[in-house]
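Take a look at the structure below.
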Ligand code: KG4
Ligand code: ZN
């Protein structure tokens, strides 16, 4: 019998301080998430300086709690995985410095985890039977990409956003409407009572990539023109119409790639995979014989468990980092296009 591998995952890329212990990349033994949402809400968004300071205050308690809940000590852990990018540089550095210290003190290997690859791993936690190959739709606050995942090592980005990410567009539109942070969640709630009756441009470009800044501008123009005409804005209708425009192009693109790759599995991940409409539309693809994997809500947004899962697959490959590891705030998926490049 092969030995179980326990990885500790540490996540501090934005406004969640999180740590988790995962067995063999799929079984969550503990996942502690300390969210700073309430702290940042009064500012209408994440304040990087405040985020870093709170990570510093919380990280030791969060990691110790994750070990306690998993009923293990550091000496029983096989490797320490930490998010080193993408994210806010100051916030990332707190996790990276802590993980380096812990690795040095315990003699355990350090694993540098790309946060976005972490999101790709989130579905392994909810669906322990999920095996590549599959098409991945990653929808977060900083990245939007469709990839073909061939194995735990290899993926190819097939399409990505040329400007804003989908979550960023949700947050910006929420701000325009004066909704509290985090905007995506508020838009989701309000859209439940809405009708899809405002026409917005598709996010799907002719070349198969996505653009969210056009949708954001179209929404801003709509709000301004309604105001100028002295007409009331029906916020739920606007929220649902915006959501349709933000999601429909992604679903169309997923269908195209599922067909092209003759692939029967779609795994959706990232913060926006918590969105009700996106979840419904993705699930509808099952009518065409596609098996659709959605993470449970806890693993949609940022968490240490997805980082621990990703760290397991890197551990198997002996993909270790050393103490020169630094934060990489603009890290992308391999092959993802840079902002502004069509
Ligand atoms: O993956 P995530 O937690 O952080 C990043 O890596 O960026 O994603 C956060 C994003 C935010 O933009 C947030 O507004 C969005 O996910 N989000 C949602 C929902 N829940 C979170 N967007 C739409 N509907 C939701 N229910
Ligand atoms: Zn994230």
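The values are calculated or read from the model by the stated rules, or taken from the named source; none is laboratory data. Because the structure is a prediction, the values reported are computed rather than measured. Cβ placement follows ideal geometry from the backbone for every residue including glycine, while neighbour counts extend to all protein chains displayed.
Overview of values
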item: Residue 325 vs. criteria more than 16 Å from ligand 1 (Cβ to nearest atom), surrounded by fewer than 24 Cβ atoms within 10 Å (Cβ to Cβ) and touching a residue at least 60 places away in the same chain (Cβ under 8 Å); result: yes
item: Matching entry among 130, 88, 110 (being within 15 Å of ligand 1 (Cβ to nearest atom) and at pLDDT 95 or above); result: 88
item: Condition met for residue 255 (crowded, with 16+ Cβ neighbours inside 10 Å and part of a helix (DSSP H, G or I)); result: no
item: Some residue of segment 229-239 being surrounded by 16 or more Cβ atoms within 10 Å (Cβ to Cβ), in contact with a strand residue (DSSP E or B) (Cβ under 6 Å, 6 or more places away or on another chain) and assigned to a loop (DSSP other than H, G, I, E, B); result: no
item: Long-range neighbours under 8 Å by Cβ, at least six apart or interchain, first residue over 17 Å from residue 291 (Cβ atoms) within segment 259-274, second more than 8 Å from ligand 1 (Cβ to nearest atom) and at pLDDT below 95; result: none
item: Exclusive hit being closer than 26 Å to residue 297 by Cα and touching a strand residue (DSSP E or B) at 6+ places or on another chain (Cβ under 7 Å), set 187, 166; result: 166
item: Test: residue in segment 182-194 that is farther than 22 Å from residue 304 by Cβ, within 15 Å of ligand 2 (Cβ to nearest atom) and not in a helix (DSSP H, G or I); result: no
item: Candidates 16, 76, filtered to the one that is within 15 Å of ligand 2 (Cβ to nearest atom) and either in contact (Cβ under 8 Å) with a residue 24 or more places away in the chain or more than 20 Å from residue 112 (Cβ to Cβ) (or both); result: 16
